[in-house]
1. Is it the case that some residue within the range A:134-142 is of a type outside the set (Lys, Arg) and either at pLDDT below 95 or farther than 24 Å from B:Ile333 by Cβ (or both)?
2. Could you figure out which of (1) more than 9 Å from chain A (Cβ to nearest Cβ); (2) closer than 22 Å to B:Leu244 by Cβ isn't true of B:Ala347?
3. Could we say that B:Leu84 is at pLDDT 90 or above and farther than 15 Å from B:Leu252 by Cα here?
4. Inside the range B:180-199, can you point out the residues that are assigned to a helix (DSSP H, G or I) and either among the small types (Gly, Ala, Ser) or over 16 Å from B:Ala290 (Cα atoms) (or both)?
5. Just the residues that are within 14 Å of chain A (Cβ to nearest Cβ) and more than 22 Å from A:Leu335 (Cβ to Cβ), please, taken from the range B:86-120.
6. When you go through (1) of a type in the set (Phe, Trp, Tyr); (2) part of a loop (DSSP other than H, G, I, E, B); (3) in contact (Cβ under 8 Å) with a residue 60 or more places away in the chain one by one for B:Trp251, which number turns out not to apply?
7. I'd like to verify a number: residues in the range B:236-274 that are out of contact with any Gly (no Cβ under 8 Å at 6 or more places or on another chain) and either aromatic (Phe, Trp, Tyr) or at pLDDT below 95 (or both), how many?
Amino acid sequence: MRSIARAISALAQPIAEPLVAILLALVVGAVGITLFSGLVPGHSNFDIGLPVAAYSALVQGAIAGWTSTLVYATPLILVGMGIALGFKAGLFNIGGRGQFLMGAVGAMAVATALGGSQPAFVTIPLAVLVGGMFGAAAGFIPGWLKATSGAHEVVTTIMLNYVFVFVTYWAISGPLVLPKAHQPITADVGKLNGALPIIWGPDLNAGILLALLSVPIVWFLLYRTTLGFEIRAAGANPDAARYGGMRTNRLIVLTMSIAGFMSGLAGSTTLLGVVHQMAPGYDTTVGFDAITVALLGRSNPVGVLFAGLLLGAMRAGSQTMQIQAGVPAELVDALQAVILVFLVINILRRWLRRRSASPGTSLSLGVETGHTSEGAI
Amino acid sequence: MSGLAASLDALPVLGLVFQFLGYVLANSSFMSQTTVAVAVPIAFAALCGVMCERSGVVNIGLEGIMLTSAFVGWIVGAAAVGLLGEGAPSSIYGTTLPLMIGLVAAILAGMAVSFLHAWLAISLRVDQIISGTIINIGAVGITGYLYTLIAPQSPVGAGEFASFAVPKEVAGVPLIGWLLNAVLGQGPIGMAMILIVIVLQIMLFRSRWGLRTRAVGEHPRAAETVGINVIRLRYWNVVMSGALAALGGAWLTMEHGSTFGPSMTAGRGFIGLAAMIVGRWTPLGALGAALLFASATGLSTSLQISPPSGDLGNLMRYVPGEFWEALPYIITIVILAGLIGRSIAPAADGQPYERESGS
């Protein structure tokens, strides 16, 4: 009996705390919506009915369009998984945006190069894989820079995001451009045997299967392989890991590359499954959203899955909310920050009550940043 | 001389290098009025970083603080115009009452956001990179939310500060005239940046506050032993530095332009962070690095507007325009990677401080 009780209480913390944080954030969000309700057309100042209308539209949109929720969740889970892996190793990868874009470019490059000459069962796996490799290359660079020069990954990944945005613009208007089109735009992968099959409803593409598959794979990698052990050890205490004979520089490069690979997969599945072609200015907000996902999911693969689904639901519902209640979809971004604030505060309270064990809050979030950084930020 | 230059340019490969150097010199944007202006928000972000990190607090929320201040300055200015009317611009920097109100609001907003970071990072000892990331996400979300609500009414901001018209006599001073022209030909926020850099450089290394700040950033435990209140000093530095990042944000919507756009800071806060590292955590170094990045931006602009002619021009036609746009970011990465081993952060940077409890 006691072991069951212990198991329940062990489970309660990682589940209850994010839930409390989310609920509190929704309350703060409701206050925010009410404060500025006068700016929403057709509403008076301090209209308490507006947050109710907004949230019900949000939930309704997320549930009624559950396939759309899963579509939004797919890249969030994949990128979030990579960022969580980085957290475990003590790396803060903010380069999800650039790695995602490179993944999309890689997949588009394969589709364009094959030009529909191969059947879908050849084109799609190849495009997805090459997209992943492109993302891995994008993740390799900051990892390699950190390992060789100590340049902090937070700064380099952000700088590289801008570089990759411009690489993407260049690719769309240059090598990947559709000849004889009226504007610089790539071909439609649907016409090149490259579109991911729709497996349910109007929009749920097969990319979600890849996201679901990533959960056991990353879990196995982290907790059942030597590499995973080394990653966790290097994140928890890099000096001890180095003393124990682990090549931490190699781990940094490897972890960043794997994280980039996951983001690349997100980019390629989004391209092949959702957008199908890249127009000028093609970009994504997945990079930052996925940081929230990884933090909310405590860098745990199962946690990341649920956090990704939650944020996907919020993204899907926010469209309905904007249309039906007139509340801007950007509310979701603001809510994310508030959720995270409550999450980190809540954890601290718990820590303050126990006071004894670990010095600092980073451990309980599953985030180990700052330990591996020899270079500065 | 020109004969020599022509013969140098005619050399096979080296000639291209000389042509490029010649082009850079001819179109030299280093220390022109525009370059200094572009450097203003980057330098302010870097100064904010210097102040925080010298006392041991990492602040990657710079971007969010700037964005918030840019928005608040713009919208409060617009509200003030609605309440008070535009007012006649004064002869100095074209200052109006709404502009001043907007500027003050922007500074207060920046300090408020900084206070949030200070509270999370210092009091709650949250991982400082996470705290900064929260601020960045929140700033994009909240300003984006309000902007989307407000944009349909297309509010008119309070306009922008005017640049100081440098008198011909000053600009014409031999040898340093161009420098005076570049530095003085700024609006009030740009001028304030130059002054603050100098003041902060002196304060940081010559004043009691500076000594204490550096002590707290290097060895907080030792600083506490000699009676310095580590927590209070860190709070003070982080909150006051918020005003600096706020000025950088206000520059965007009140001096450089007069309108706000979602996510308009476009990475300037992060480039400022890089400038801080490249400048080795000193105000003057940070300004130098900010000027360097600004010149890179200027070079990439001029390469797109008026590309060089001759062999070099023919060669450059094969380089896509996007490369030049990405150039400032690439230069940042290269400098960071090349310099980092020799650029050493304050020893206690990023480590939360906890008073020894009990006995």
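1. No - not one qualifying residue is present in the range A:134-142.
2. The one condition B:Ala347 does not meet is (2).
3. So B:Leu84 fails the test.
4. Matches in the range B:180-199: B:Leu180, B:Asn181, B:Ala182, B:Leu184, B:Pro188, B:Gly190, B:Ala192, B:Val199.
5. Result: B:Ala118, single match.
6. Only one criterion is unmet by B:Trp251, namely (2).
7. 11
Here's the yes/no breakdown for (1) more than 14 Å from every other protein chain (Cβ to nearest Cβ); (2) within 20 Å of the chain's Cα centre (by Cα); (3) at pLDDT below 95; (4) crowded, with 17+ Cβ neighbours inside 10 Å:
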| position | (1), (2), (3), (4) |
| --- | --- |
| B:Tyr147 | no, no, yes, yes |
| B:Pro167 | yes, no, yes, no |
| B:Val170 | yes, no, yes, no |
| B:Gly177 | yes, no, yes, no |
| B:Ala182 | yes, yes, yes, yes |
| B:Ile196 | yes, yes, no, yes |
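The values are calculated or read from the model by the stated rules, or taken from the named source; none is laboratory data. Given the structure is predicted, the values throughout are model-derived calculations rather than measurements. Ideal geometry is used to build each Cβ from the backbone, glycine not excepted, and the neighbour counts take in all protein chains shown.
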